[in-house]
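Take a look at the structure set out below.
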């Protein structure tokens, strides 16, 4: 697929034509052609034999947006959302709103108040005809008010299945981790999810929301998420979702019988381990060294490097004969 790419060099925009192909299963730029500045492009077009004398050029974001739109079409994403969140056949559907917002977030994030401006400068005007009024922030949030937690979970479950089936995503190793992000939600706002907690950006003065996510190591595709209150630590939250992970394993095991779940030491707890032991997951975690003094006393000579370039910085402990 060919795409037009803009680069800013010393404050000025210059354009390149790039051709991307899959090489050994991975996307790779195989050809790049320099086109020049916008003024040079206009000059070339106006000098071409038989071409009209151009007075103006409309530039629309195309390559990345068209690629994401194509994937959404393969997954029938709009119809999937609309099945779970139906509305009257009037204006844009909830599925269309969510897809527009998702593509915007992935390519050129703007506030919902500026969504219409971004949309007008993109190829999406051909795919999803919409008026400025339909893309106002109020119209967007009015539709988001129709979305319930149970519907999100149902959509996610079905979408995960489609991703695995259509794109043959490997499930042999999955990674779970939690993070948080701060918000500017006012202290007096009655919302229950945002709360003050241990913020990774050191913004303890702001209310935050926590997010836990299960991701494939194959192309880093999200398969499951959980949003939880900002004052809950990772260990406590991981204990509460291990049962959900156990149920999700039954769904994923239809595609892969040997799944290894990887998580860091911030999720360790006896309760979580107890649930995971009966889940079907193999799992790999990490330990806090100070909690295992007997391991710290093991002499270095009993450790050996793992083989392979990816693991050469890792060591394993040999059992004594």
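The values are calculated or read from the model by the stated rules, or taken from the named source; none is laboratory data. Quick caveat: nothing in here was measured; it's all calculated off a predicted structure. Cβ atoms come from the backbone with ideal geometry, glycine included; neighbour counts cover every protein chain shown.
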Residue satisfying condition, being surrounded by 14 or more Cβ atoms within 10 Å (Cβ to Cβ) and within 20 Å of the chain's Cα centre (by Cα), within set 206, 193, 223, 232:
223
Per the list (1) over 30 Å from residue 205 (Cα atoms); (2) in contact with a helix residue (DSSP H, G or I) (Cβ under 6 Å, 6 or more places away or on another chain), residue check on residue 238 breaks on (1)
Quick one: is residue 188 out of contact with any helix residue (DSSP H, G or I) (no Cβ under 8 Å at 6 or more places or on another chain), outside any loop (DSSP other than H, G, I, E, B), modelled with pLDDT under 90 and surrounded by fewer than 15 Cβ atoms within 10 Å (Cβ to Cβ)?
no
Checking residue 285 against (1) within 25 Å of the chain's Cα centre (by Cα); (2) within 29 Å of residue 200 (Cα to Cα); (3) free of Cβ contacts under 8 Å to residues at least 12 places away in the same chain: exactly one of these is not met. Which one?
(3)
So which residues in segment 82-139 are farther than 25 Å from residue 63 by Cβ, surrounded by 14 or more Cβ atoms within 10 Å (Cβ to Cβ), without any contact (Cβ under 8 Å) to a residue 60 or more places away in the chain and touching a helix residue (DSSP H, G or I) at 6+ places or on another chain (Cβ under 6 Å), if there are any at all?
82, 93, 94
In segment 149-169, what residues are in contact (Cβ under 8 Å) with a residue 12 or more places away in the chain and under 17 Å from the mean Cα position of the chain (by Cα)?
155, 156, 157, 158, 159, 160, 161, 162, 163, 164, 167, 169
Show me the helices (runs of 4 or more DSSP H) found entirely inside segment 1-114 where at least 1 residues are modelled with pLDDT of 80 or more and more than 30 Å from residue 131 (Cα to Cα).
38-47
Here is a list of conditions, (1) at pLDDT below 80; (2) within 27 Å of residue 155 (Cβ to Cβ); (3) touching a strand residue (DSSP E or B) at 6+ places or on another chain (Cβ under 9 Å), and residue 257 meets all of them except one; can you say which number that is?
(3)
Across segment 168-185, what is the number of residues that are over 20 Å from residue 263 (Cβ atoms) and surrounded by 15 or more Cβ atoms within 10 Å (Cβ to Cβ)?
3
Can you tell me which residues in segment 206-226 are in a strand (DSSP E or B) and in contact with a helix residue (DSSP H, G or I) (Cβ under 9 Å, 6 or more places away or on another chain)?
210, 212, 214, 216, 222, 223, 224, 225, 226
Among the numbered criteria (1) free of Cβ contacts under 8 Å to residues at least 24 places away in the same chain; (2) surrounded by 10 or more Cβ atoms within 10 Å (Cβ to Cβ); (3) more than 28 Å from the chain's Cα centre (by Cα), which one does residue 271 miss?
(1)
Out of (1) assigned to a loop (DSSP other than H, G, I, E, B); (2) modelled with pLDDT of 95 or more, the one residue 131 does not meet is (2)
